[in-house]
Number of protein chains: 2
Amino acid sequence: MIFDILTIFPEYFESPLRVGLLGKALERGLLKVRVHNLRDFATDKHRTVDDKPFGGGEGMLFKPEPLYRALEALRAEPPSPWVIYLSPQGRRFNHRLARELSRKERLVLLCGRYEGIDERIRAHFVDEELSIGDYVLFGGEVAALVVLEAVARWVPGVVGCEDSVKRDSFAEGLLKHPQYTRPREFLGYRVPEVLLSGDHARVERWRRERSLEITFERRPDLLREARLSPEDRAFLRELFRKRVRLYLALVHYPVINKEGRKIASSFTNLDLHDIARLARTYGVRIYYLVQPLADQRAIVEELLRFWLSGPGARHNPDRVEALKLVKLVRGLEEALADIEAAEGERPLLLATDAQVKRPPLSWEEAACLVRSGRPVLLLLGTAWGLAPEVLSRADYFLEPIFGPLDEYNHLSVRSAASIILDRLLREVVGHVSGHTRD
Amino acid sequence: MIFDILTIFPEYFESPLRVGLLGKALERGLLKVRVHNLRDFATDKHRTVDDKPFGGGEGMLFKPEPLYRALEALRAEPPSPWVIYLSPQGRRFNHRLARELSRKERLVLLCGRYEGIDERIRAHFVDEELSIGDYVLFGGEVAALVVLEAVARWVPGVVGCEDSVKRDSFAEGLLKHPQYTRPREFLGYRVPEVLLSGDHARVERWRRERSLEITFERRPDLLREARLSPEDRAFLRELFRKRVRLYLALVHYPVINKEGRKIASSFTNLDLHDIARLARTYGVRIYYLVQPLADQRAIVEELLRFWLSGPGARHNPDRVEALKLVKLVRGLEEALADIEAAEGERPLLLATDAQVKRPPLSWEEAACLVRSGRPVLLLLGTAWGLAPEVLSRADYFLEPIFGPLDEYNHLSVRSAASIILDRLLREVVGHVSGHTRD
């Protein structure tokens with residue numbers, strides 16, 4: 001495989017290309033890296049390659065002509081190259097892309113400097129614009145080295161033990177398990193027993209489970225595209241059951257009415273059904289209906305009887321599965337005591353409120369909290385929202401849900417609950433289904 | 001600022017540190033980079049730093065002792081360093097982190113090779129584990145260069161024109177606008193007129209708008225954390241209106257019943273309200289209720305009258321805003337003709353189906369489609385789902401929504417609609433609210 005690097009600092013690459021496995025692969029001719037000086041394609045005697053940007057501003061950018069001439073010269077040689085421009089505005093480079101690119105015969109890696117390159121070259125004479133990450137560098141040179149290394153690992157023979165490449169982080173869409181070497185005990189820290197057991201199957205299972213666990217904890221977003229076996233999915237389900245101890249409470253008292261006065265709201269049938277089905281889908285442990293009014297409680301009890309053991313149960317067994325998560329309580333205290341009895345600790349209270357009272361958690365932070373293993377009770381208000389006395393007890397708040405156009409914020413509690421649960425758990429849902437994409 | 005790099009290949013860094021602005025900053029003493037050979041901290045005469053992993057497998061990993069001795073030696077010197085281990089399992093390095101790290105006096109960058117380092121060093125003797133991206137390299141050396149460059153840009157004086165750093169991609173959470181230099185016309189491609197106008201304010205506005213536009217197109221995920229002015233938000237709203245031409249249809253005929261037979265379903269009041277409020281929140285253009293039955297249509301018409309011009313309108317003006325998006329049609333054809341009349345082209349049909357018939361779009365692909373500027377009609381089924389004759393007309397399918405535990409898939413259409421709209425548009429919602437986090 002051939003890499004042509006186009007740069008104004010060809011000397012940048014001298015030492016990195018001599019080192020380690022990459023150096024060896026170049027010596028052995030498995031890879032060929034040719035570094036070209038963009039200045040060789042300038043036409044004036046000062047070998048100028050940059051100019052000031054139209055419209056003003058500090059800094060310089062690469063002129064179109066030398067770039068065009070250089071790319072034309074490189075394209076004229078066989079085999080036909082794939083031209084990559086490295087810039088922070090590009091598509092994000094990743095493991096999968098590295099593997100795809102390793103199937104090409106020849107890559108041109110164009111390294112920008114200063115303010116970048118003239119837009120016309122980028123738009124019309126480059127095949128692909130890639131970014132190695134969300135940060136800014138002095139130039140594309142180090143990014144070219146990154147792409148070169150990540151792609152070269154996939155070229156057969158470059159990494160001696162190909163098994164290593166297959167076990168790399170991301171190779172199966174997971175982060176890698178921890179590794180230990182001698183001594184067995186170092187400053188009081190021991191190597192896990194299983195690794196010393198000599199039981200190959202147990203070691204493999206331990207490694208796979210640690211991989212899954214680390215990925216679940218640090219990068220659950222990777223799970224959706226990971227290659228997972230039925231055993232992996234079963235392990236992740238168990239991990240979910242252990243780590244996500246999420247409860248939901250739909251509060252009918254105390255809430256506020258349109259005028260901001262404290263009231264008890266009456267029951268809406270579809271709140272029972274929709275949110276129970278949602279709770280079942282997202283693995284919520286119990287869905288509390290907080291309702292102190294006796295007549296209202298009687299209605300809910302009657303409905304639950306109908307669906308859980310009456311005619312509704314025979315007609316619709318899927319509904320039974322959802323509605324058996326519902327627990328009718330008289331007040332928030334009763335729900336808290338119930339959770340404490342089951343979990344051995346009080347849950348953290350996570351509240352939703354259309355009016356932001358305190359800095360809310362970001363959705364990422366809230367999702368981490370829910371995956372952390374602490375019991376969490378998500379409070380949803382009916383009517384015009386939770387009363388101040390409930391809000392003041394919340395440990396954390398979620399961001400209100402706004403659309404793209406304005407601050408219109410009048411979703412039904414059923415919609416809000418759906419969106420909130422999906423945002424909190426999206427990264428760890430869906431991977432059980434087996435619809436893995438490759 | 002001081003960088004200590006710990007590596008088994010100190011020679012790797014020779015040439016990159018001599019080049020460009022980084023080379024100049026080192027010469028001028030603005031930065032100090034010291035490269036340490038891990039082998040100097042080995043104790044045997046072969047200067048061994050690696051060993052085989054417990055539990056078997058190919059490849060070697062760094063032993064704990066030399067690493068420990070090296071890190072202790074580095075920590076013993078003032079000023080106290082922040083120790084970073086570079087690995088694909090780490091927290092993702094980005095622009096914001098680069099800026100934070102630039103405030104430290106001294107960083108130690110530990111470069112792994114082979115299978116990495118002994119877990120005990122990682123877990124107990126390192127302050128932070130960082131990854132520069134989702135790919136695997138030959139070693140941490142190139143990652144250390146990336147971190148060094150990205151952090152160094154923030155050290156005062158290193159980049160001559162500090163204005164450049166402030167205008168970098170990500171500096172305000174956006175991708176950078178395109179840049180042009182001479183000639184004004186290159187191979188028929190012209191520099192945009194505005195950049196030649198000499199009107200500084202217009203140039204600035206053009207650049208800002210292109211930045212917003214490129215970020216909206218390529219990396220809408222960045223918008224949520226970007227620093228946006230009221231003008232930026234207004235521009236993004238316009239962009240949303242132009243690019244997201246999304247319609248929704250809730251189909252009551254033809255759908256299937258529990259036995260799979262084709263039926264017309266009856267109307268559910270909360271489908272009208274919940275999904276209209278959702279449509280309003282997410283900027284859907286029209287929400288079609290597809291219902292051919294005359295008696296059912298009469299009910300819907302009566303309800304719409306009550307809420308749009310009757311007592312409901314006075315009582316709840318927010319509901320008016322939502323319900324005026326509702327259009328009652330007799331069949332799917334009527335909705336399609338209506339969209340075509342408004343948009344000048346037929347919409348793409350995006351269907352949801354619990355039973356996957358064809359490979360569905362990933363959520364990312366579907367979100368791109370919705371942002372692409374093509375009109376899209378999202379079809380939602382009532383009862384037991386859309387009839388085959390509707391499904392067969394769909395251009396694309398969405399993935400079914402499963403939870404983390406199993407394939408339980410019995411969400412209400414109200415919940416499903418909420419989750420789908422949020423997944424399709426989450427990246428471009430919420431940034432209007434002004435709750436930008438810094």
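Do you know which of the residues in segment A:327-355 that are part of a loop (DSSP other than H, G, I, E, B) and either touching a strand residue (DSSP E or B) at 6+ places or on another chain (Cβ under 8 Å) or outside the structural domain of A:Ile286 (by TED's automatic domain parsing) (or both) is most open to solvent (accessible area, probe 1.4 Å)?
Across segment A:327-355, the extreme among qualifying residues is A:Arg330.
Please determine, by comparing only the residues of segment A:221-254 that are of a type in the set (A, V, I, L, M, F, W, C) and more than 26 Å from A:Ile419 (Cβ to Cβ), which one is surrounded by the most Cβ atoms within 10 Å (Cβ to Cβ).
That would be A:Leu228.
Tally time: how many residues in segment B:192-217 are more than 21 Å from A:Gly90 (Cα to Cα) and in contact with a Lys or Arg (Cβ under 8 Å, 6 or more places away or on another chain)?
Looking only at that region, the number is 2.
Could you check segment B:220-326 for helices (runs of 4 or more DSSP H) lying wholly inside it with 3 or more residues that are at pLDDT 95 or above, within 13 Å of chain A (Cβ to nearest Cβ) and more than 15 Å from A:His410 (Cβ to Cβ)?
B:230-243
Would you confirm, using the coordinates I've provided, whether A:Ala226 is touching a residue at least 24 places away in the same chain (Cβ under 8 Å) and under 18 Å from the mean Cα position of the chain (by Cα)? Before you say what the answer is, go through the steps one by one.
On the way: touching a residue at least 24 places away in the same chain (Cβ under 8 Å): yes; under 18 Å from the mean Cα position of the chain (by Cα): yes.
Answer is yes for this residue.
Would you be able to tell me the number of residues in segment B:180-218 that are among the small types (Gly, Ala, Ser) and closer than 19 Å to B:Arg167 by Cβ?
2
Suppose we filter segment B:401-422 for residues that are more than 7 Å from chain A (Cβ to nearest Cβ), open to solvent by 10 Å² or more (accessible area, probe 1.4 Å) and either over 12 Å from A:Ser418 (Cα atoms) or not β-branched (Val, Ile, Thr) (or both); how many remain?
Final tally of qualifying residues: 2.
Give me the residue from segment B:356-375 that is part of a helix (DSSP H, G or I) and not charged (D, E, K, R) and, out of that set, most open to solvent (accessible area, probe 1.4 Å).
Residues of segment B:356-375 that are part of a helix (DSSP H, G or I), as a first pass: B:363-371.
The next check asks that each one be not charged (D, E, K, R); those that pass are B:363, B:366-370.
Details: B:Trp363: 21, B:Ala366: 0, B:Ala367: 10, B:Cys368: 67, B:Leu369: 29, B:Val370: 2 Å².
Going through the qualifying residues, I end up with B:Cys368.
Do you know which residues across segment B:110-123 are within 9 Å of chain A (Cβ to nearest Cβ), closer than 27 Å to A:Leu97 by Cα and either out of contact with any helix residue (DSSP H, G or I) (no Cβ under 8 Å at 6 or more places or on another chain) or not acidic (Asp, Glu) (or both)?
B:Arg113, B:Tyr114, B:Gly116, B:Ile117
Show the residue pairs that are 6+ apart or on different chains and have beta-carbon atoms under 6 Å apart, the first residue being within segment B:289-307 and without any contact (Cβ under 8 Å) to a residue 60 or more places away in the chain, the second being open to solvent by less than 50 Å² (accessible area, probe 1.4 Å) and among the polar types (S, T, N, Q).
As it stands, the answer is B:Arg297/B:Gln291, since those pairs meet every condition given.
Which one is modelled with the lowest pLDDT, of the residues in segment A:424-438 that are open to solvent by 10 Å² or more (accessible area, probe 1.4 Å) and facing chain B (nearest Cβ under 7 Å)?
A:Arg437
Could you check segment B:124-141 and list, in sequence order, the residues that are within 8 Å of chain A (Cβ to nearest Cβ) and touching a Phe, Trp or Tyr at 6+ places or on another chain (Cβ under 8 Å)?
Matches in segment B:124-141: B:His124, B:Ile132, B:Gly133, B:Asp134, B:Tyr135, B:Val136, B:Gly139, B:Glu141.
Specify which of the listed residues (A:Arg34, A:Arg47) is closer than 15 Å to A:Cys111 by Cα and away from chain B (no Cβ under 11 Å).
The unique qualifying residue is A:Arg34.
Quick check on my filter: what residues within segment A:189-208 are within 7 Å of another protein chain (Cβ to nearest Cβ) and assigned to a loop (DSSP other than H, G, I, E, B)?
Across segment A:189-208, the qualifying residue is only A:Val191.
Just need a number here: residues in segment B:173-188 that are facing another protein chain (nearest Cβ under 7 Å) and in a loop (DSSP other than H, G, I, E, B).
7
Select from segment B:25-53 the residues that are free of Cβ contacts under 8 Å to residues at least 12 places away in the same chain and assigned to a helix (DSSP H, G or I) and list them in ascending order.
Within segment B:25-53, B:Leu26, B:Glu27 qualify.
Report whether or not B:Arg346 is touching an Asp or Glu at 6+ places or on another chain (Cβ under 8 Å) and basic (Lys, Arg).
Yes: the conditions hold for B:Arg346.
May I ask you to list the residues in segment A:9-33 that are under 21 Å from B:Val142 (Cα atoms), out of contact with any Ser or Thr (no Cβ under 6 Å at 6 or more places or on another chain) and open to solvent by 60 Å² or more (accessible area, probe 1.4 Å)?
A:Arg18, A:Leu21, A:Lys24, A:Glu27, A:Lys32
Quick check: anything in segment A:164-172 at the interface with chain B (Cβ under 7 Å from one of its Cβ atoms), under 18 Å from the mean Cα position of the chain (by Cα) and open to solvent by 10 Å² or more (accessible area, probe 1.4 Å)?
Yes: segment A:164-172 contains one or more residues that are at the interface with chain B (Cβ under 7 Å from one of its Cβ atoms), under 18 Å from the mean Cα position of the chain (by Cα) and open to solvent by 10 Å² or more (accessible area, probe 1.4 Å).
Going through A:Tyr85, A:Tyr114 one at a time, which residue ends up being in contact with a Leu (Cβ under 9 Å, 6 or more places away or on another chain), assigned by TED's automatic domain parsing to the domain that holds A:Ile8, open to solvent by 40 Å² or more (accessible area, probe 1.4 Å) and in contact (Cβ under 8 Å) with a residue 24 or more places away in the chain?
That would be A:Tyr114, the only listed residue that is in contact with a Leu (Cβ under 9 Å, 6 or more places away or on another chain), assigned by TED's automatic domain parsing to the domain that holds A:Ile8, open to solvent by 40 Å² or more (accessible area, probe 1.4 Å) and in contact (Cβ under 8 Å) with a residue 24 or more places away in the chain.
Kindly indicate the residue of segment B:327-339 that is closer than 14 Å to B:Leu377 by Cβ and in contact with a helix residue (DSSP H, G or I) (Cβ under 8 Å, 6 or more places away or on another chain) and also nearest to the other protein chains (Cβ to nearest Cβ) among those meeting that condition. Before the answer, list the steps.
Let us first name the residues in segment B:327-339 that are closer than 14 Å to B:Leu377 by Cβ, namely B:327, B:329, B:331-339.
Still in the list and also in contact with a helix residue (DSSP H, G or I) (Cβ under 8 Å, 6 or more places away or on another chain): B:327, B:329, B:332.
On the way: B:Lys327: 19, B:Val329: 23, B:Leu332: 24 Å.
Restricting to residues being closer than 14 Å to B:Leu377 by Cβ and in contact with a helix residue (DSSP H, G or I) (Cβ under 8 Å, 6 or more places away or on another chain), the top hit is B:Lys327.
Has segment B:174-181 got any residue that is modelled with pLDDT of 95 or more and open to solvent by 40 Å² or more (accessible area, probe 1.4 Å)?
Checked against the condition, which is being modelled with pLDDT of 95 or more and open to solvent by 40 Å² or more (accessible area, probe 1.4 Å), segment B:174-181 yields no hits at all.
Look at B:Glu65 and say whether it is of a type outside the set (A, V, I, L, M), within 26 Å of B:Asp168 (Cβ to Cβ) and modelled with pLDDT of 95 or more.
Judged against the criteria, B:Glu65 is not a match.
Just one of the numbered conditions (1) in contact with a Gly (Cβ under 8 Å, 6 or more places away or on another chain); (2) open to solvent by less than 20 Å² (accessible area, probe 1.4 Å); (3) aromatic (Phe, Trp, Tyr) is not true of A:Trp206; which one?
All conditions pass for A:Trp206, except number (2).
The values are calculated or read from the model by the stated rules, or taken from the named source; none is laboratory data. A quick note: this is a predicted structure, and the numbers were derived from the prediction, not measured. Quick reminder, even Gly has a Cβ in these numbers, built from the backbone with ideal geometry, and neighbours come from all protein chains shown. Surface accessibility is based on the protein's heavy atoms, side chains included, excluding ligands, DNA and RNA. Shrake-Rupley method; radii C 1.70, N 1.55, O 1.52, S 1.80 Å.
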